[in-house]
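Here the structure comes first, spelled out in structure tokens, and everything after it is commentary.
The values are calculated or read from the model by the stated rules, or taken from the named source; none is laboratory data. None of these values were measured; they are calculated from a predicted model. Using ideal geometry, Cβ is built from the backbone for each residue, glycine included, and neighbour counts are taken over all protein chains shown.
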Amino acid sequence: MNQRSSRRSLDDYYIRIAWDVSRRGNCRRRAVGALLVNKWNILSVGYNSVPIGSTSCIDGGCPRCLSNATRHKGYDRCICIHAEQNAILLAARQGTITDGLTMYTTLRPCLDCLKMIVQAGIREIVYDLPFLLDDELEATHRTLQTESGIILRQHPFTKPLDTPELHLVDSDMPSDDKKK
């Protein structure tokens with residue numbers, strides 16, 4: 001096999017980088033990574049973490065992460081910032097224009113992240129793993145996606161190399177036998 005035929009696609013390349021970025025996160029609940037890309041350049045990255053200067057989740061800083069709150073509950077006590085939000089906020093902090101960019105993320109964005117992504121002018125989201133919502137939230141998610149014209153594409157599931165169990169703690173995450 002020659003070098004050209006074994007070269008990864010850009011989607012594979014960026015999704016793998018997003019998985020690597022996710023390892024920097026300090027959220028105890030879930031490790032997610034996100035990239036903002038303009039064709040061939042990574043302009044910003046983000047991972048789940050608490051605000052700059054706050055005590056990390058790993059060190060007990062987030063009340064929700066310390067609790068036994070079930071999925072989709074207790075966000076009024078959560079101080080973590082999602083990976084997608086962090087990528088957008090870092091871009092803003094450094095003066096990077098987000099209009100027209102593509103976001104690569106390890107997990108399909110939640111509704112709050114989707115709202116922020118749309119507002120930032122990001123035109124396409126490529127995600128690796130699904131994020132399941134109840135029927136009502138899913139309908140709202142799809143309506144926002146349709147009305148905004150944003151493109152959402154699921155990348156075929158990529159099992160990250162040397163991934164800590166933290167990445168695969170939720171029932172949303174496919175096991176090896178559920179790969180697409």
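Total residues in the range 81-101 satisfying the condition of being in contact with a strand residue (DSSP E or B) (Cβ under 8 Å, 6 or more places away or on another chain) and either farther than 27 Å from ARG28 by Cα or assigned to a helix (DSSP H, G or I) (or both): the figure is 14.
Applying a threshold of 7 Å to beta carbon distances and a minimum spacing of six or more residues, or different chains, the list of pairs starting in the range 14-42 at a residue that is part of a loop (DSSP other than H, G, I, E, B) and ending at one that is among the β-branched types (Val, Ile, Thr) reads GLY25/VAL32; ASN26/VAL50; ASN26/ILE58; ARG28/ILE58; ARG30/VAL169; VAL32/THR105; VAL32/THR106. Please determine whether any residue of the range 109-127 is of a type in the set (Val, Ile, Thr) and in a helix (DSSP H, G or I). Within the range 109-127, one or more residues are of a type in the set (Val, Ile, Thr) and in a helix (DSSP H, G or I). Counting the residues of the range 90-107 that are surrounded by 22 or more Cβ atoms within 10 Å (Cβ to Cβ) and not polar (S, T, N, Q) gives 4.
For the criterion of being of a type in the set (S, T, N, Q), modelled with pLDDT under 95 and either in a loop (DSSP other than H, G, I, E, B) or in contact with a Phe, Trp or Tyr (Cβ under 6 Å, 6 or more places away or on another chain) (or both), THR70 passes. Checking each residue in the range 86-136 for being of a type in the set (D, E, K, R) and free of Cβ contacts under 8 Å to residues at least 40 places away in the same chain picks out ARG93, ASP99, ASP112, LYS115, ARG123, GLU124, ASP135, GLU136. Between LEU144, LEU133, the distinction of being of a type outside the set (Ser, Thr, Tyr) and assigned to a helix (DSSP H, G or I) belongs to LEU144 only.
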